[in-house]
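Trainee: To start, I am sharing the structure in question, which I have written as structure tokens.
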Amino acid sequence: MYGSIRSVVSFYHEKGICDYDPAVTLEFLQTVERCYRDGEICREYYNAQKRAARKFEMFHATGTLTWECTKRTSRYQLNEEYSRLLDAFLSSRDFHENTKWDFSWAVRRYLSFFQEKGIPSMDRASINDSREFVIGAAASMAAGSLHNLLCYVRQFHIFLKDSGEKAPDCISLFSYHVPRKMPVRGYVLRARMTQAKT
């Protein structure tokens with residue numbers, strides 16, 4: 001949270017403003033929202049910036065500041081096997097708390113895709129299933145968000161391979177470089193071309 005609050009303060013400094021101004025905070029929020037829509041920042045960072053701005057609003061309105069500790073939850077609920085893999089992956093390295101949440105969100109979304117297809121474990125999944133996930137994600141995400149998602153899931157597959165877990169080897173599939181400004185159709189086309197060659 002401190003880093004996010006510092007972002008708000010820096011925004012004020014760049015404007016040459018020392019006193020709180022609701023209009024400036026609104027401008028900050030609009031700027032952050034634009035960056036999120038353009039895929040320049042991830043959803044969690046976007047939400048953190050909004051929470052920081054609300055703290056400023058609270059302090060301006062009430063003169064007090066409270067720090068609630070809310071537990072992050074995900075809409076991607078996993079079965080026991082997928083939860084085991086996710087927990088093992090997150091425990092395999094020393095993630096920063098915010099980065100850990102981003103990785104968790106990406107891998108949960110990925111594993112939830114298989115679960116919804118009726119595939120209960122990675123040893124029953126195929127590269128084509130993973131490719132289907134990528135094509136679906138590319139059709140619904142901004143290029144910047146897609147870039148992050150692929151990077152995170154690639155690291156998950158590297159972990160699976162290094163750990164000897166039975167799973168399709170999809171490291172190369174998730175290794176395509178996706179420029180943050182690249183139209184998603186370009187990535188979908190490349191993914192489909194790769195599918196035709198296999």
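The values are calculated or read from the model by the stated rules, or taken from the named source; none is laboratory data. Note that the coordinates shown come from a computational prediction; the quantities given were computed from them, not determined experimentally. Here Cβ is always computed from backbone atoms with ideal geometry, including for glycine, and neighbour counts include all displayed protein chains. Note: areas computed on protein heavy atoms with side chains; ligands, DNA, RNA excluded. Shrake-Rupley method; radii C 1.70, N 1.55, O 1.52, S 1.80 Å.
Trainee: Scan the stretch 78-100 and give yes if some residue there is under 30 Å from ARG34 (Cα atoms) and in contact (Cβ under 8 Å) with a residue 40 or more places away in the chain, otherwise no.
Mentor: So far as the stretch 78-100 goes, yes, one or more of its residues are under 30 Å from ARG34 (Cα atoms) and in contact (Cβ under 8 Å) with a residue 40 or more places away in the chain.
Trainee: Okay, moving on. Considering only the stretch 133-150, state which residues are under 22 Å from ASP162 (Cα atoms) and open to solvent by 20 Å² or more (accessible area, probe 1.4 Å).
Mentor: ASN148
Trainee: Given the criteria over 16 Å from PHE174 (Cα atoms), touching a Phe, Trp or Tyr at 6+ places or on another chain (Cβ under 6 Å) and aromatic (Phe, Trp, Tyr), does PHE156 qualify?
Mentor: Details: over 16 Å from PHE174 (Cα atoms): no; touching a Phe, Trp or Tyr at 6+ places or on another chain (Cβ under 6 Å): yes; aromatic (Phe, Trp, Tyr): yes.
Spelling it out, it is not the case that PHE156 is over 16 Å from PHE174 (Cα atoms), touching a Phe, Trp or Tyr at 6+ places or on another chain (Cβ under 6 Å) and aromatic (Phe, Trp, Tyr).
Trainee: Now, a different point. Out of the residues in the stretch 52-89 that are at pLDDT below 85 and under 27 Å from PHE156 (Cβ atoms), state the one that is surrounded by the fewest Cβ atoms within 10 Å (Cβ to Cβ).
Mentor: Narrowing the stretch 52-89 to residues at pLDDT below 85: 52-76.
Restricting the remaining residues to those that are under 27 Å from PHE156 (Cβ atoms) gives 70-76.
On the way: THR70: 6, LYS71: 4, ARG72: 11, THR73: 7, SER74: 12, ARG75: 8, TYR76: 19.
In this case the residue turns out to be LYS71.
Trainee: Determine whether PHE133 is among the aromatic types (Phe, Trp, Tyr), at pLDDT 95 or above and touching a helix residue (DSSP H, G or I) at 6+ places or on another chain (Cβ under 7 Å). Explain how you work it out, then say what you get.
Mentor: Details: among the aromatic types (Phe, Trp, Tyr): yes; at pLDDT 95 or above: no; touching a helix residue (DSSP H, G or I) at 6+ places or on another chain (Cβ under 7 Å): yes.
Taking the combined requirement at face value, the residue does not satisfy it.
Trainee: Using beta carbons and a limit of 6 Å, which pairs, at least six apart or on different chains, have the first residue in the stretch 143-165 and in contact (Cβ under 8 Å) with a residue 40 or more places away in the chain and the second one part of a helix (DSSP H, G or I) and not hydrophobic (A, V, I, L, M, F, W, C)?
Mentor: VAL153/TYR110
Trainee: Please count how many residues of the stretch 1-18 are at pLDDT 80 or above and not in a helix (DSSP H, G or I).
Mentor: 3
Trainee: Got at least one residue in the stretch 124-132 being in a helix (DSSP H, G or I), among the hydrophobic types (A, V, I, L, M, F, W, C) and open to solvent by 50 Å² or more (accessible area, probe 1.4 Å)?
Mentor: For the stretch 124-132, residues in a helix (DSSP H, G or I), among the hydrophobic types (A, V, I, L, M, F, W, C) and open to solvent by 50 Å² or more (accessible area, probe 1.4 Å): present.
Trainee: Moving on to the next point. Return yes or no: is ARG109 buried (at least 16 other Cβ atoms within 10 Å of the Cβ), part of a helix (DSSP H, G or I) and of a type in the set (D, E, K, R)?
Mentor: Against the criterion (buried (at least 16 other Cβ atoms within 10 Å of the Cβ), part of a helix (DSSP H, G or I) and of a type in the set (D, E, K, R)), ARG109 qualifies.
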